[in-house]
Amino acid sequence: MSDFATRLRAIVGDAHVITSDFAPYANDWRKKYFGKPLLVVKPGTPEEVAAVVKLCADTRTPIVPQAGNTGLVGGGVPDESGHEVVVSVARLNKVLEVDTINNTMTVEAGCILQTLQETAAAHDRLFPLSLAAEGSCRIGGNISTNAGGVQVLRYGNTRELVMGLQVVLPSGELWNGLRGLRKDNTGYDLKHLFIGAEGTLGVITAVVLKLFPMPRSTQTAFIGLESPQKALELLSHMKGALGDRLTAFELISDFGLSLVTKHFPQLKAPLPQTYPWFVLTDIADSRDAAVLAEEVEAALGDALEKEIILDCAIAKNQTEGKRMWEMRENMTESQVHEGRNIKHDVSIPISRMADFITAADAALVKVYPGVRPISFGHVGDGNLHYNIAHPLDKFTEESWMHEWEKVNLIVHDIVATFNGSISAEHGIGQLKREEIKRYKAPLELAVMRSIKAALDPQNIMNPGKVL
């Protein structure tokens, strides 16, 4: 390794080749995967990334591209062989250009998502990608997993927000596709190969992102409902009343909310009493706040009269709205405090989400009486985080983890019957690599393998992930 490390140091500098203290780069956020890299290298420019990858290609050294390492499926974690090099893009953290006429922002892949949101806001623009890890995740990882988040309903997944990419290919060649064009009909749109590919086809080094005018007013409401079916009725009702001003529509179960208030007692439930289900929604507009407030109040008042909803609280100001969102943002962390559970990130046709929850709950209770489903997620775009806490009387937290594969089979088979997906926004990584063989058509997998072989014939780019 010494000669290899010396050659890497000549490319990036001595301080940016790490040969010990690997934990931040070798372990995942969930503490499910623990790898052992050969070393970690942190290039500072796209050209340095290209030189590093070229050296790895010449020596047939496997590469694990890594951004913020906040993923949930082990996609950015090296294996335990001690042969893989982690290539971190953390030093590629410059905002290269903000174009307020073209409504684009060109940035390097190591920029933290929250920094990009703040940069856009400083130019009176909105970058709408928003998720729980936004304070630590990096845009290169968001692109590599086609991240979703809470505003997909209006603005789409990361894929819809990417206009151009710069990528280092497995050969070490640097492809510059940093074009902020809304129309470019000149053959295959190559950027889409790398969005959602989880670093298996190349290392993303820079991106042109789409920006939007900053909304002038936002209304946040926390709503109590009887069932997921009523949530779907409310979604249809609110879309009809408010159109695409509906930016977020999050479903939360009573049990899920109770975990937040239990483990974060400083957070108070927005409604005075509990209900079986809740919806947290944002409505944003470029018009005067008073006008939007009237329309939102009218829409929710109408929903109350039609018995679609049971109760609602509308935030009086931005601070109150932020507190409502803290309930949703702490859902995942509250589950960590409660104990490990079996997690699912699935998507279902929106019209069938209530049926899926009913079917999955019933199937699990039949096999595991006393099981505790924690359902929450982006019902507005069909993405449900369907997590399962163990029955308190029959399993310990540790023994419940041994049921992971069996529980997955139950849940994912039901997802398949609804023509859904076993990964809505987290990706495949290591966690679901074998499972996709059960749910993807052989032809789909064959085409994916053909693309991988064409771009990465030596299979050095994030091997063992996705395929």
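The values are calculated or read from the model by the stated rules, or taken from the named source; none is laboratory data. Model, not experiment: these values are computed from the prediction. Cβ: placed from backbone, ideal geometry, glycine included. Neighbour counts: every protein chain shown.
Please find, among Gly82, Gly76, the residue that is part of a loop (DSSP other than H, G, I, E, B), in contact with a strand residue (DSSP E or B) (Cβ under 9 Å, 6 or more places away or on another chain) and not basic (Lys, Arg).
Values: Gly82 fails: in contact with a strand residue (DSSP E or B) (Cβ under 9 Å, 6 or more places away or on another chain).
When all the criteria are applied, what remains is Gly76.
Out of curiosity, is Met327 in contact with a helix residue (DSSP H, G or I) (Cβ under 7 Å, 6 or more places away or on another chain), modelled with pLDDT under 95 and part of a helix (DSSP H, G or I)? Step through it out loud before you land on a result.
Details: in contact with a helix residue (DSSP H, G or I) (Cβ under 7 Å, 6 or more places away or on another chain): yes; modelled with pLDDT under 95: yes; part of a helix (DSSP H, G or I): yes.
Yes.
Can you tell me which residue within the range 211-263, out of those that are of a type in the set (Asp, Glu) and assigned to a helix (DSSP H, G or I), is farthest from Leu300 (Cα to Cα)?
Asp254
With (1) at pLDDT 95 or above; (2) of a type outside the set (A, V, I, L, M); (3) assigned to a helix (DSSP H, G or I); (4) more than 23 Å from the chain's Cα centre (by Cα) as the list, and Pro457 as the residue in question, which single condition is left unmet?
(3)
In the range 12-24, which residue that is at pLDDT 95 or above and either of a type in the set (Lys, Arg) or in a helix (DSSP H, G or I) (or both) is nearest to the chain's Cα centre (by Cα)?
The residue in question is His16.
Condition check ((1) aromatic (Phe, Trp, Tyr); (2) out of contact with any Ser or Thr (no Cβ under 7 Å at 6 or more places or on another chain); (3) assigned by TED's automatic domain parsing to the domain that holds Leu280; (4) more than 23 Å from Asp244 (Cβ to Cβ)) across all residues:
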site: Leu300; (1), (2), (3), (4): no, yes, yes, no
site: Glu329; (1), (2), (3), (4): no, yes, no, yes
site: Thr332; (1), (2), (3), (4): no, yes, no, yes
site: Ile348; (1), (2), (3), (4): no, yes, no, no
site: Val379; (1), (2), (3), (4): no, yes, no, no
site: Asn383; (1), (2), (3), (4): no, no, no, no
site: Ser399; (1), (2), (3), (4): no, yes, no, yes
site: Glu405; (1), (2), (3), (4): no, yes, no, yes
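For (1) among the hydrophobic types (A, V, I, L, M, F, W, C); (2) touching a Pro at 6+ places or on another chain (Cβ under 6 Å); (3) at pLDDT 95 or above, each residue gets a yes or a no:
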{"position": "Leu38", "(1), (2), (3)": "yes, no, yes"}
{"position": "Val49", "(1), (2), (3)": "yes, yes, yes"}
{"position": "Val52", "(1), (2), (3)": "yes, yes, yes"}
{"position": "Leu55", "(1), (2), (3)": "yes, no, yes"}
{"position": "Gln66", "(1), (2), (3)": "no, no, yes"}
{"position": "Gly74", "(1), (2), (3)": "no, no, no"}
{"position": "Val77", "(1), (2), (3)": "yes, no, yes"}
{"position": "Arg91", "(1), (2), (3)": "no, no, yes"}
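Using the structure shown, decide if Gly149 is on the phi > 0 side of the Ramachandran plot, assigned by TED's automatic domain parsing to the domain that holds Pro62 and in a loop (DSSP other than H, G, I, E, B). I'd like the intermediate steps shown before the answer.
Numbers: on the phi > 0 side of the Ramachandran plot: yes; assigned by TED's automatic domain parsing to the domain that holds Pro62: no; in a loop (DSSP other than H, G, I, E, B): yes.
Here the answer is no, as Gly149 does not meet what is asked.
Taking Asp381 and the conditions (1) more than 30 Å from Ser171 (Cβ to Cβ); (2) surrounded by fewer than 13 Cβ atoms within 10 Å (Cβ to Cβ), which numbered condition does it fall short on, given that it satisfies the others?
(2)
If you scan the range 187-210, which residues turn out to be part of a strand (DSSP E or B) and over 30 Å from Glu295 (Cα atoms)?
First pass over the range 187-210, keeping only residues part of a strand (DSSP E or B): 203-210.
Residues satisfying the conditions are Val203, Ile204, Thr205, Ala206, Val207, Val208, Leu209.
Taking the condition of being over 25 Å from Arg216 (Cβ atoms) and not in a loop (DSSP other than H, G, I, E, B), how many residues in the range 108-143 meet it? Don't jump to the end; show me each part of the working.
Looking only at the range 108-143, we keep the residues that are over 25 Å from Arg216 (Cβ atoms), and these are 108-112, 132-133, 135-143.
After this cut, where a residue has to be not in a loop (DSSP other than H, G, I, E, B) as well, the list is 108, 112, 138-143.
Of the residues in the range 108-143, 8 are over 25 Å from Arg216 (Cβ atoms) and not in a loop (DSSP other than H, G, I, E, B).
Condition check: of a type in the set (D, E, K, R) and in contact with a helix residue (DSSP H, G or I) (Cβ under 8 Å, 6 or more places away or on another chain). Does Arg182 satisfy that?
Details: of a type in the set (D, E, K, R): yes; in contact with a helix residue (DSSP H, G or I) (Cβ under 8 Å, 6 or more places away or on another chain): no.
Judged against the criteria, Arg182 is not a match.
Restricting attention to the range 395-427, report how many residues are of a type in the set (S, T, N, Q), surrounded by fewer than 17 Cβ atoms within 10 Å (Cβ to Cβ) and not in a helix (DSSP H, G or I).
Initially, the range 395-427 is screened for residues of a type in the set (S, T, N, Q), giving 396, 399, 408, 417, 419, 421, 423.
Those left that are additionally surrounded by fewer than 17 Cβ atoms within 10 Å (Cβ to Cβ): 396, 399, 417, 419.
Next cut, not in a helix (DSSP H, G or I) only: 396, 419.
Within the range 395-427, residues that are of a type in the set (S, T, N, Q), surrounded by fewer than 17 Cβ atoms within 10 Å (Cβ to Cβ) and not in a helix (DSSP H, G or I) number 2.
Those residues that are under 26 Å from Val107 (Cβ atoms) and free of Cβ contacts under 8 Å to residues at least 40 places away in the same chain, I need them from the range 20-73; list them, please.
Glu48 - this is the single residue of the range 20-73 that is under 26 Å from Val107 (Cβ atoms) and free of Cβ contacts under 8 Å to residues at least 40 places away in the same chain.
Which ones in the range 252-282 are over 22 Å from Asn341 (Cβ atoms), surrounded by fewer than 15 Cβ atoms within 10 Å (Cβ to Cβ) and of a type outside the set (Lys, Arg)?
Those that are over 22 Å from Asn341 (Cβ atoms), surrounded by fewer than 15 Cβ atoms within 10 Å (Cβ to Cβ) and of a type outside the set (Lys, Arg): Gln266, Pro272, Gln273.
In this structure, is Leu234 modelled with pLDDT of 95 or more, surrounded by fewer than 23 Cβ atoms within 10 Å (Cβ to Cβ), aliphatic (A, V, I, L, M) and in contact with a strand residue (DSSP E or B) (Cβ under 7 Å, 6 or more places away or on another chain)? If you could, list the steps in order and put the result at the bottom.
Values: modelled with pLDDT of 95 or more: yes; surrounded by fewer than 23 Cβ atoms within 10 Å (Cβ to Cβ): no; aliphatic (A, V, I, L, M): yes; in contact with a strand residue (DSSP E or B) (Cβ under 7 Å, 6 or more places away or on another chain): yes.
No, not satisfied.
Going by the conditions given, is Ala303 in a helix (DSSP H, G or I) and either touching a Gly at 6+ places or on another chain (Cβ under 7 Å) or in contact (Cβ under 8 Å) with a residue 24 or more places away in the chain (or both)?
yes
List every residue pair whose Cβ atoms sit under 8 Å apart, with the two residues 6 or more apart in sequence or on different chains, where the first one lies in the range 172-196 and is closer than 29 Å to His426 by Cβ and free of Cβ contacts under 8 Å to residues at least 60 places away in the same chain and the second, anywhere, is in a loop (DSSP other than H, G, I, E, B) and of a type outside the set (Val, Ile, Thr).
Cβ pairs passing all conditions: Trp175/Leu169; Trp175/Leu190; Trp175/Gly202; Gly177/Leu190; Phe194/Leu201; Phe194/Gly202; Ile195/Asn146.
Is it true that some residue in the range 356-373 is assigned to a strand (DSSP E or B) and closer than 22 Å to Leu257 by Cα? Give the steps one after another, and end with the answer.
Let us first name the residues in the range 356-373 that are assigned to a strand (DSSP E or B), namely 372-373.
Still in the list and also closer than 22 Å to Leu257 by Cα: 372-373.
For the range 356-373, residues assigned to a strand (DSSP E or B) and closer than 22 Å to Leu257 by Cα: present.
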